[in-house]
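Only one structure is covered here, and it is reproduced in the block below.
The values are calculated or read from the model by the stated rules, or taken from the named source; none is laboratory data. Just so it is clear, the structure is predicted and the values come from calculations on it, not from any experiment. In this analysis, Cβ positions are derived from the backbone assuming ideal geometry, glycine residues included, and neighbour counts consider all displayed protein chains.
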C-alpha cells in the first residue's frame, strides 16, 4: 500500500501534533505502509526540523518538503498555507492508495478532502484534538468558530476514517445533534519506541528529601497548575514540586506560591526537551496532571514510559489507560482530592514501585510504536479491502 501523509508543519520543538505525527508515520512504516510525507517548512528552517527529516528518512519514509513563500502572516503559517504544496497535492495525491491528513485546520486537509473525495481514494484524518468542542471554543473569532463547526460535520461524514487518540477526544468531537459516525476509531498515540529504549520499573526513591512531584507542560489556565501549588500546604514539608514548562500563567503561579508560603518548595525549570526531559523524569517520583481537559495527555504517557507513576484528572485521555492497566491514580482537579491522592502515595514507597511496574507494562502494551503501527496498518488494509484494492 502507498500512503501519503500530509501535515501543516514538522517542527518537533513545538511538541504535540508534529511529534505524535512523526511517531505515527514511523510506526506505520515499520508495520509495512510505504509512506510519503509532504509538509511546508516553517521559516526559519530549524535544526530540529532537519533532525526530524533525517530520522524519518532513516526509517524509509520519503520526504517532500516545501519552502515557504515570504512573508507569511501568523494565521497563514498556522494553517500551513503553501501554494507550491497545494499544486503538488492536486497533481500527485491520485498516485497514492490512501491520503492521511494530520490536523483539521490545515490547507492540506481541506485540499485533500476535495481531491480525494473526487477521486474516490481512501482518506484518513488524525485531528489531534482539533475537532473537539474544547478546541473550537478557543477560536479567536465567532465567524471562525461557526466555520469550524460546519467543517467538522463535513470531515466526520466524508473522511473514511477519523483516528482519535482517546474516547474522550472522540466524544467531544461529535456535535450534540449528530450520531456517532462510523468513521471514528480510537488508537493511542505511539510514545514508546521499543527499538531504542528498554523501559524498566523505577526503584522507590522517597528518602530524606521526601516525595518529588513533577509537572510538565505549558503554563496555561486549563492545566490547573495552581491546584498543585495549593495542595502543597496540605502535604507537609517533605513534598516538593518541580515545574517544567513556561507560559502565560507563570507570573500568577509564582505569586501564588509566594503568597501561600510554599515558594521554597516549588522549583521552576522552564521549557525542557530532549536529554533535559529525560533528566526531569529521573528526578521526580510522581508526574501530576490536574488539567481540565486533555484529549490524550502526552506528558503523562511519557512519564509512564519512563516508569514514573502519574496522578491525572478524569478528563484526560490517558485516564482511560490507567483505569484498565494501572500505572497511576485519578483524582478530581482540586487541591483537596489531588492532595489526598498524592498524600497517600507519599507514605507508600511499595505502592509507588508497583505503579511504576504497571506503568511500564501499560506503555509496552498500549503505547508502543509496534502496537500503534499494527493498529494503523490494519485500518488501512480494511479501507483498501472495502474498495477491492
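A few notes on this one:
- Restricting segment 250-289 to residues that are free of Cβ contacts under 8 Å to residues at least 40 places away in the same chain and part of a strand (DSSP E or B), the residue that is surrounded by the most Cβ atoms within 10 Å (Cβ to Cβ) is 266.
- Taking segment 1-119 as the region of interest, the strands (runs of 3 or more DSSP E) fully inside it that hold 1 or more residues being over 27 Å from residue 156 (Cα atoms) and modelled with pLDDT under 95 are 62-66.
- Qualifying residue in segment 199-212 (condition: at negative phi, at pLDDT 90 or above and outside any loop (DSSP other than H, G, I, E, B)): yes
- Boolean, residue 332 is more than 20 Å from the chain's Cα centre (by Cα) and surrounded by 16 or more Cβ atoms within 10 Å (Cβ to Cβ): no
- Qualifying residues in segment 223-249 (those that are surrounded by fewer than 16 Cβ atoms within 10 Å (Cβ to Cβ) and outside any loop (DSSP other than H, G, I, E, B)) - the one modelled with the highest pLDDT: 233
- Any chance residue 147 is out of contact with any strand residue (DSSP E or B) (no Cβ under 8 Å at 6 or more places or on another chain) and either more than 28 Å from residue 22 (Cβ to Cβ) or in contact (Cβ under 8 Å) with a residue 12 or more places away in the chain (or both): yes
- Only residues that are in a loop (DSSP other than H, G, I, E, B) and over 15 Å from residue 186 (Cα atoms) were counted in segment 131-158, giving 4.
- The helices (runs of 4 or more DSSP H) falling completely within segment 290-389 that include 1 or more residues that are touching a helix residue (DSSP H, G or I) at 6+ places or on another chain (Cβ under 6 Å) and closer than 25 Å to residue 21 by Cα map to 298-305, 318-325, 349-366, 369-386.
- Some residue of segment 142-160 being under 17 Å from residue 80 (Cα atoms) and in contact with a helix residue (DSSP H, G or I) (Cβ under 6 Å, 6 or more places away or on another chain): yes
- Here the condition is being buried (at least 17 other Cβ atoms within 10 Å of the Cβ) and within 16 Å of residue 286 (Cα to Cα); of 359, 371, it holds for 359 alone.
- When residue 71 is tested against (1) within 25 Å of residue 174 (Cβ to Cβ); (2) surrounded by fewer than 19 Cβ atoms within 10 Å (Cβ to Cβ), exactly one condition is not met: (1).
- Meets criteria (surrounded by fewer than 19 Cβ atoms within 10 Å (Cβ to Cβ), under 19 Å from residue 110 (Cα atoms), without any contact (Cβ under 8 Å) to a residue 12 or more places away in the chain and out of contact with any helix residue (DSSP H, G or I) (no Cβ under 7 Å at 6 or more places or on another chain)) for residue 76: yes
- Which numbered condition residue 1 misses (of (1) farther than 19 Å from residue 384 by Cβ; (2) in contact with a helix residue (DSSP H, G or I) (Cβ under 9 Å, 6 or more places away or on another chain)): (1)
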